[in-house]
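Here the structure comes first, spelled out in structure tokens, and everything after it is commentary.
The values are calculated or read from the model by the stated rules, or taken from the named source; none is laboratory data. Quick caveat: nothing in here was measured; it's all calculated off a predicted structure. Note that each Cβ is placed from the backbone with ideal geometry, even for glycine, and that neighbours are counted across all protein chains shown.
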Amino acid sequence: MKLTFYGVRGSVPTPGQDTVRYGGNTTSILLENKASEFLILDAGTGIRNLGKDIQKYANDIYILLSHNHWDHIQGFPYFIPAYIPEKKINIIPGLTEEYEPKAILKQMKGSFFPINSKDLSAKILITPIKSHSWKYKTFQISRTRMNHPGGGSAYKIITDERTIVYATDNELFPPYPVATTFEQWVQFCIKADYLIHDGQYLPEDYPFKRGWGHSQIQHALDLALQAHVKNLVLVSHDPDRTDEQIDKLQSDLNKGEFPFNIIFAYEGLTLI
């Protein structure tokens, strides 16, 4: 199993001298297994470079979308495999409210983008799935609803005897009606090898941004602790968080005694 992070930023792309090391692209992650099968988690701006790396590989491409907020779909119009005729791209939409499974293609029309999605050369399939558990090739996939304005899906994927949970843009203790309780999150994430979770806010951020659909880092730590995960990977870094600030957060947390590894994801990070 190999996880490669092509985008880790939340809300909006943040290029600039203060985000060079962790990166400014929004979320997109490649998961590969020993059978040379792969799937993609989200289509933020990071998927542009991801597409360059995989275009020479298998023609079947499988994308799991968490939700339709722009930072999770805006890279798809620049995804090179979508312009290659022999490619087949299957997109699994998140459980959003309101339900818009074709939002990732609707952004490519009219005054929004110069190329209409109907003109893409690849075969594009939008495949809504009603079940909360299914199989793609040798990947066993299950999902639960995120706590986020407009909804969305978190995913648990088992492959190569490893369990990966992807729960970006998830507010563990929201002020709005809860889709998945903290106790349910604990059960969903129990003993995961990698918990990839939203860690956008600090306590000082939260009073103004409570209800915006993101978690405090401490809440993600609490979840990792109670779920007995092996590795907590924090993503969806705040667009105003600089490399130096993230370094300090990592350094401060490393001084604590946690029974799991804490990793602040950065572009180009590969986990095995």
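Observations on the structure shown:
- Test for TYR22: is it assigned to a loop (DSSP other than H, G, I, E, B), farther than 20 Å from ASP243 by Cβ and either in contact (Cβ under 8 Å) with a residue 12 or more places away in the chain or of a type in the set (S, T, N, Q) (or both): no
- Test: residue in segment 65-73 that is closer than 23 Å to ARG162 by Cβ, aliphatic (A, V, I, L, M) and crowded, with 20+ Cβ neighbours inside 10 Å: yes
- Odd one out for ALA220, checked against (1) among the aliphatic types (A, V, I, L, M); (2) touching a His at 6+ places or on another chain (Cβ under 6 Å); (3) under 20 Å from MET1 (Cα atoms): (3)
- Inspection of segment 78-93 identifies no residue that is modelled with pLDDT of 95 or more, farther than 23 Å from ILE157 by Cα and among the polar types (S, T, N, Q).
- Going through (1) among the aliphatic types (A, V, I, L, M); (2) buried (at least 21 other Cβ atoms within 10 Å of the Cβ); (3) in contact with a helix residue (DSSP H, G or I) (Cβ under 7 Å, 6 or more places away or on another chain) one by one, ALA122 falls short only on (2).
- Inside segment 43-101, residues that are free of Cβ contacts under 8 Å to residues at least 60 places away in the same chain, charged (D, E, K, R) and not in a loop (DSSP other than H, G, I, E, B) make up a count of 5.
- 1 or more residues hydroxyl-bearing (Ser, Thr, Tyr): qualifying strands (runs of 3 or more DSSP E) within segment 133-237: 133-136, 139-145, 153-159, 162-167, 194-198
- Residues of segment 184-225 satisfying the condition of being touching a residue at least 60 places away in the same chain (Cβ under 8 Å) and loosely packed, with under 15 Cβ neighbours inside 10 Å: GLY211
- Remark: MET108 falls outside the filter, which requires a residue to be surrounded by 13 or more Cβ atoms within 10 Å (Cβ to Cβ) and more than 25 Å from LYS88 (Cβ to Cβ).
- Residues of segment 36-58 that are surrounded by fewer than 24 Cβ atoms within 10 Å (Cβ to Cβ) and over 14 Å from ILE91 (Cβ atoms): SER36, GLU37, PHE38, ARG48, ASN49, LYS52, ASP53, ILE54, GLN55, LYS56, TYR57, ALA58.
Yes/no per residue for (1) in contact with a Gly (Cβ under 9 Å, 6 or more places away or on another chain); (2) modelled with pLDDT of 95 or more; (3) crowded, with 20+ Cβ neighbours inside 10 Å; (4) polar (S, T, N, Q):
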site	(1), (2), (3), (4)
VAL235	yes, yes, yes, no
GLU244	no, yes, no, no
PHE258	no, yes, no, no
GLY268	yes, yes, no, no
